[in-house]
Amino acid sequence: MKLFENFQLGKVTLKNRVVMAPMTRSRAIDNIPNELMAKYYKQRASAGLIISEGTSPSPNGIGYPRIPGAYTDEQITGWKKIADSVHSEGGKLFVQLMHTGRITAKANMPHGTITLAPSSIKAAGEMFTDTNGMVAHDTPKAMTNEEILSTQNEYVIAAKRLVNEADIDGIELHAANGYLLNQFINPQSNQREDQYGGSIENRTRFVLETTIKVADEIGPDKVGIRVSPYGAYNDMLSDYEELEDTFIYLSKELAKSNISYIHIVDQRVAFGAPDFMTDIKKTLKDNFNGIVISGGDIDSIEKSKSILESGLDLVYVGRPYISNPDFIEKLQNNIELQVPNMNTFYSPGAEGYTDYI
């Protein structure tokens with residue numbers, strides 16, 4: 001069956017077309033990847049590709065409690081242990097670089113950091129902190145051009161170190177779900193009047209520049225990007241007049257950079273977003289003319305096949321992988337999937353994390 005056949009992703013050969021989606025699990029104590037995380041990813045290495053949880057390229061991007069970073073020696077060493085554990089089982093691992101931007105709380109951020117975003121617009125909603133429980137999001141500082149350049153450089157340095165020092169197979173840039181790269185794309189959070197705001201070309205400029213800089217550093221075949229058109233999560237505008245044109249332009253420009261893939265998030269099930277107004281997955285596929293990953297509520301061979309039969313290339317699976325580290329084996333043998341315990345999604349420790357075996 002096509003789903004379980006090898007697939008060539010750039011220079012990386014995947015053993016099947018199932019992608020373990022990036023999912024925040026909040027086990028990185030002091031923001032350092034650790035042995036428990038290495039065990040978690042190793043258990044799930046039968047996926048064709050694992051995309052790691054969101055990992056900040058900067059202290060300024062640590063929005064959630066206990067999420068990993070990739071900007072210190074200790075963090076890079078931790079990611080090396082995780083990469084080695086996944087590779088020991090024949091798996092492949094891309095690390096997702098996620099700068100949370102305005103989706104943050106000061107209590108979660110390292111000392112001396114700044115909450116940055118395209119514009120000084122506070123996001124609706126609240127953020128969990130270990131010290132104070134739920135608190136309102138910080139009001140961000142609108143980024144200067146100098147801060148834009150330095151933040152892009154943080155992405156480049158993190159990507160370079162992860163690939164060259166930690167032996168990670170590639171990098172996914174998180175331009176979805178309301179985080180910093182998405183904040184530049186979306187007019188809800190980007191009300192700049194300079195070259196990074198206003199028009200489609202300007203709102204996508206930060207994302208495209210960052211992508212090109214990372215690709216130039218580590219090679220375009222090692223770079224993917226995640227987007228969420230029609231996504232409402234984290235106070236994004238789910239639909240606006242130029243949405244389809246924005247993502248058509250973005251996909252065409254990304255095609256010029258020869259990056260490995262576009263990963264389209266479907267927020268309709270897990271995030272409760274409204275229905276798509278257009279067939280945006282097909283639109284991006286047609287304009288990117290390269291490898292496209294998508295999914296959404298995938299828990300069976302039939303649902304996986306529907307993604308591939310629609311013309312897309314790889315299928316992402318999210319929450320079922322939390323409680324079914326042997327997801328591939330269960331799918332192949334028609335074994336009932338275990339339901340995850342939502343109470344332990346973001347708690348520290350092994351419970352609800354590595355104890356589903």
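The values are calculated or read from the model by the stated rules, or taken from the named source; none is laboratory data. Given the structure is predicted, the values throughout are model-derived calculations rather than measurements. Here the Cβ positions follow ideal geometry from the backbone for every residue, glycine too, while neighbour counts run over all protein chains shown.
The residues in the stretch 290-307 that are surrounded by 14 or more Cβ atoms within 10 Å (Cβ to Cβ) and under 15 Å from Ile328 (Cβ atoms) can be counted, and the count is 7.
Looking only at residues that are touching a helix residue (DSSP H, G or I) at 6+ places or on another chain (Cβ under 6 Å) and in contact (Cβ under 8 Å) with a residue 60 or more places away in the chain in the stretch 19-43, which one is surrounded by the fewest Cβ atoms within 10 Å (Cβ to Cβ)? That would be Arg27.
Total residues in the stretch 312-357 satisfying the condition of being touching a residue at least 12 places away in the same chain (Cβ under 8 Å), among the acidic types (Asp, Glu) and in a loop (DSSP other than H, G, I, E, B): the figure is 2. Test Leu208 against the stated conditions and say whether it is buried (at least 17 other Cβ atoms within 10 Å of the Cβ) and aliphatic (A, V, I, L, M). Yes; evaluated as a whole, the condition is true for this residue. Working only within the stretch 135-150, note down all residues that are in a loop (DSSP other than H, G, I, E, B), within 17 Å of Gln195 (Cβ to Cβ) and of a type outside the set (Ser, Thr, Tyr). Selection gives Met143 alone. Among the conditions (1) farther than 27 Å from Gly219 by Cβ; (2) assigned to a helix (DSSP H, G or I); (3) not acidic (Asp, Glu), Ser120 misses just one, which is (2). Just give me the residues in the stretch 105-117 being outside any helix (DSSP H, G or I), free of Cβ contacts under 8 Å to residues at least 60 places away in the same chain and over 27 Å from Pro187 (Cβ atoms), in sequence order. Hits for the stretch 105-117 are His111, Gly112. Answer yes or no as to whether Gly54 is assigned to a loop (DSSP other than H, G, I, E, B) and either at pLDDT 95 or above or of a type in the set (Lys, Arg) (or both). Taking the combined requirement at face value, the residue does not satisfy it.
Among the residues of the stretch 123-161, those identified as β-branched (Val, Ile, Thr) and either within 21 Å of Pro220 (Cα to Cα) or without any contact (Cβ under 8 Å) to a residue 40 or more places away in the chain (or both) are Thr131, Val135, Thr139, Thr144, Thr151, Val156, Ile157.
Checked against the criterion of being free of Cβ contacts under 8 Å to residues at least 60 places away in the same chain, more than 19 Å from Ala166 (Cβ to Cβ), outside any loop (DSSP other than H, G, I, E, B) and of a type outside the set (Asp, Glu), the candidates Gln8, Gln75 yield just one match: Gln8.
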